[in-house]
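The structure appears below as structure tokens.
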Amino acid sequence: MVEDQGRVVLVTGGNRGIGAACAAALAASGDRVAVASRGGEAPAGMYGVRLDVTSAEGVDKAFAEVEAELGPVEVLVSNAGITRDTLLLTMSEDAMREVVDTNLLGAYRVAKRAARPMLRMRRGRLIFISSVSAMMGGPGQANYAASKAGLIGFSRSLARELAPRGITSNVVAPGPIHTDMTDALTDAQRDNIVTQVPVRRMGEPEDVAALVVFLASTQASFITGALIPVDGGLGMGH
Ligand SMILES: NC(=O)c1ccc[n+]([C@@H]2O[C@H](COP(=O)([O-])OP(=O)(O)OC[C@H]3O[C@@H](n4cnc5c(N)ncnc54)[C@H](OP(=O)(O)O)[C@@H]3O)[C@@H](O)[C@H]2O)c1
């Protein structure tokens, strides 16, 4: 384990979409990046680890593996997330539970496991990927919006608990971003969303990654408990 070769970063769901862009940008800025995914694969130059955020045991095992290979995790990007969109009257308890279990409880599991070593180091960065839907809601997204809004109270509580020990906790709220998640929408749905975005385009994963790199940096040490949009103006007003 080499301590002076950049910080150790762990990105959940780092194998594709926004997580992959965050992993690549953090690696480019000199960090040693562990890409955590259910498949366990990682791009060249990064460390791949198998992790399913719905299992506390699996989370513990993945962190232990990263600690043994790279050292304690100093920056956590909690990005893994799913949608199971449907209107309330057709939303099964299963669809509600599965989304909350991955998006909110998953973030709790990884943050809790990451926090103890960060407390020992007296430094750390917790970055949670929420969504513009957290504050705006969305038809068919009661489960998703609830899980993403939950992250805000969760992160702000951690910010209050952990800031005196050098650990910041912040939420990033992306608007519509080009990834597999939005590829699942129809062209008509995407066009309809874009007309509501003042910037008049979908975002790219790199738009989100640029903010994540800044929040992870030492320059961001006075930013904690924040909710920062990367949404082309879609959610402004909150
Ligand atoms: N795209 C958007 O417009 C948008 C907007 C706002 C917020 N977000 C949020 O940004 C984050 C990334 O979204 P994305 O668009 O990049 O989505 P994506 O392309 O669908 O990727 C989702 C990622 O989450 C991982 N994941 C899902 N369930 C998991 C689990 N149980 N354990 C571990 N990993 C799991 C997936 O891993 P597998 O490969 O194993 O499935 C994948 O890496 C999500 O939290 C999403 O809610 C996205």
Taking the stretch 13-31 as the search range and keeping residues that are surrounded by fewer than 23 Cβ atoms within 10 Å (Cβ to Cβ) and either under 11 Å from the mean Cα position of the chain (by Cα) or outside any loop (DSSP other than H, G, I, E, B) (or both), which one is farthest from the ligand (Cβ to nearest atom)? Ala28
Confirm whether Gly232 is outside any strand (DSSP E or B), crowded, with 17+ Cβ neighbours inside 10 Å and in contact with a Pro (Cβ under 7 Å, 6 or more places away or on another chain). yes
The stretch 43-75 - residue that is open to solvent by 80 Å² or more (accessible area, probe 1.4 Å) and not in a helix (DSSP H, G or I) and, of those, farthest from Gly124 (Cα to Cα): Ala44
Go through the residues of the stretch 123-131 one by one and say whether even a single one is in a helix (DSSP H, G or I) and on the phi < 0 side of the Ramachandran plot. no
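Of all residues in the stretch 106-151, which are among the hydrophobic types (A, V, I, L, M, F, W, C), under 27 Å from Val8 (Cβ atoms) and surrounded by 18 or more Cβ atoms within 10 Å (Cβ to Cβ)?
Residues satisfying the conditions are Ala107, Val110, Ala111, Ala114, Ala115, Met118, Leu126, Ile127, Phe128, Ile129, Leu151.
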Given Val35, Val9, which one is away from the ligand (no atom under 14 Å from the Cβ), touching a helix residue (DSSP H, G or I) at 6+ places or on another chain (Cβ under 8 Å) and not in a loop (DSSP other than H, G, I, E, B)? Val9
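The values are calculated or read from the model by the stated rules, or taken from the named source; none is laboratory data. In this text the structure is predicted, and so the values were computed from the model without any measurement. Cβ sites come from the backbone with ideal geometry, for glycine too, and all protein chains shown count toward neighbours. In case anyone asks, the SASA skips ligands and DNA or RNA and just uses the protein heavy atoms, side chains included. Shrake-Rupley method; radii C 1.70, N 1.55, O 1.52, S 1.80 Å.
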